[in-house]
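Chemist: Mind looking over this structure? Questions follow.
The values are calculated or read from the model by the stated rules, or taken from the named source; none is laboratory data. Worth saying up front: this structure is predicted, and the values here are computed from it rather than measured. As a convention, Cβ positions derive from the backbone with ideal geometry for all residues, glycine included, and neighbour counts pool all protein chains shown.
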């Protein structure tokens with residue numbers, strides 16, 4: 001029997017190369033090994049105020065990106081979170097079984113709330129419980145995670161274990177992290193010590209999946225690269241920017257970083273950056289073009305989301321009824 005994967009992305013716009021290489025590209029491979037649910041977590045997105053029209057647009061764009069990148073909606077469930085009410089129902093149940101202290105230690109809340117913590121919204125504080133509900137709702141066996149999400153998955157594991165122990169049940173599967181060692185951690189093109197981010201001030205710091213070929217080439221040409229050394233070699237401490245470009249090239253070419261470094265060992269910075277740009281254009285342009293094509297067919301995208309939501313709700317309701325029985329809820 002195949003394991004169950006659950007993963008998702010927030011529809012907050014500007015999916016970039018880091019999202020693709022660090023997550024979506026991995027998901028495409030996982031669909032051959034697991035039963036996969038790929039969610040667009042729009043309920044998580046509203047922990048920060050969103051423009052309604054932009055949120056609707058971004059939700060469809062994420063769905064289009066999933067499909068364009070190679071996730072098959074016939075093999076997998078693709079839907080947006082807010083269409084499946086069981087996410088919110090289970091989040092409340094889990095919230096009533098999660099100590100405040102567990103949430104208080106979550107580093108992302110501390111980072112996002114900053115010094116204005118007393119004015120932060122409840123959703124920003126409690127969304128890790130919703131994330132746990134997302135995962136536990138489907139008896140998820142494995143969750144693809146990067147370094148920045150490991151703490152949230154560990155919380156989901158703690159909540160599941162605590163619930164099972166308290167109610168003397170094994171109702172919740174305790175999910176395992178699925179960390180693909182080859183998954184690329186893509187850094188900013190302007191600062192190799194900072195992660196590539198959609199929120200970074202400079203658009204030159206990232207390759208957006210919506211960028212055309214000319215824009216991609218220009219950004220790599222302007223990418224920061226040190227001039228202190230001859231040749232190209234990997235050293236994250238001494239050469240973070242060149243090392244980042246090697247990481248990107250290797251991930252796009254499906255080779256090891258060592259192979260990429262050997263290939264360009266005697267190259268100059270300019271020639272190397274041109275090679276990275278050419279490969280990025282080759283790999284990303286088909287995805288970008290297909291996203292644009294799909295975004296012109298809103299009815300098709302909505303049909304995928306509707307069909308996915310119906311399948312997800314059916315799975316979720318079956319599992320949620322088990323939890324309600326354990327708790328003692330009366331329902332018909």
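Chemist: I need the full set of residues from segment 253-299 which are closer than 30 Å to residue 53 by Cβ and surrounded by fewer than 16 Cβ atoms within 10 Å (Cβ to Cβ), in order please.
Modeler: Passing the criteria: 285, 286, 289, 292, 293, 296, 297, 298, 299.
Chemist: List the number of the failed condition for residue 8; all other conditions in (1) out of contact with any helix residue (DSSP H, G or I) (no Cβ under 6 Å at 6 or more places or on another chain); (2) closer than 14 Å to residue 61 by Cα; (3) surrounded by fewer than 21 Cβ atoms within 10 Å (Cβ to Cβ) hold.
Modeler: (3)
Chemist: Out of (1) touching a residue at least 40 places away in the same chain (Cβ under 8 Å); (2) buried (at least 18 other Cβ atoms within 10 Å of the Cβ), the odd one out for residue 249 is which?
Modeler: Single failed check for residue 249: (1).
Chemist: Any chance segment 256-273 includes a residue that's closer than 20 Å to residue 202 by Cα and assigned to a helix (DSSP H, G or I)?
Modeler: Yes, segment 256-273 contains at least one residue that is closer than 20 Å to residue 202 by Cα and assigned to a helix (DSSP H, G or I).
Chemist: Continuing with the same structure: Check whether at least one residue in segment 135-145 is assigned to a helix (DSSP H, G or I), touching a helix residue (DSSP H, G or I) at 6+ places or on another chain (Cβ under 6 Å) and modelled with pLDDT of 85 or more, and report yes or no.
Modeler: There is at least one residue in segment 135-145 that is assigned to a helix (DSSP H, G or I), touching a helix residue (DSSP H, G or I) at 6+ places or on another chain (Cβ under 6 Å) and modelled with pLDDT of 85 or more.
Chemist: Could you please let me know if residue 242 is surrounded by 14 or more Cβ atoms within 10 Å (Cβ to Cβ), outside any loop (DSSP other than H, G, I, E, B) and not assigned by TED's automatic domain parsing to the domain that holds residue 35?
Modeler: yes
Chemist: Also: Which of the residues spanning segment 76-92 are crowded, with 24+ Cβ neighbours inside 10 Å and part of a loop (DSSP other than H, G, I, E, B)?
Modeler: Across segment 76-92, the qualifying residue is only 84.
Chemist: Still on this structure, please answer the following. Of all residues in segment 300-329, which are surrounded by 17 or more Cβ atoms within 10 Å (Cβ to Cβ) and either closer than 14 Å to residue 137 by Cβ or in contact with a strand residue (DSSP E or B) (Cβ under 9 Å, 6 or more places away or on another chain) (or both)?
Modeler: Hits for segment 300-329 are 304, 305, 308, 309, 312, 313, 315, 316, 319, 320, 323.
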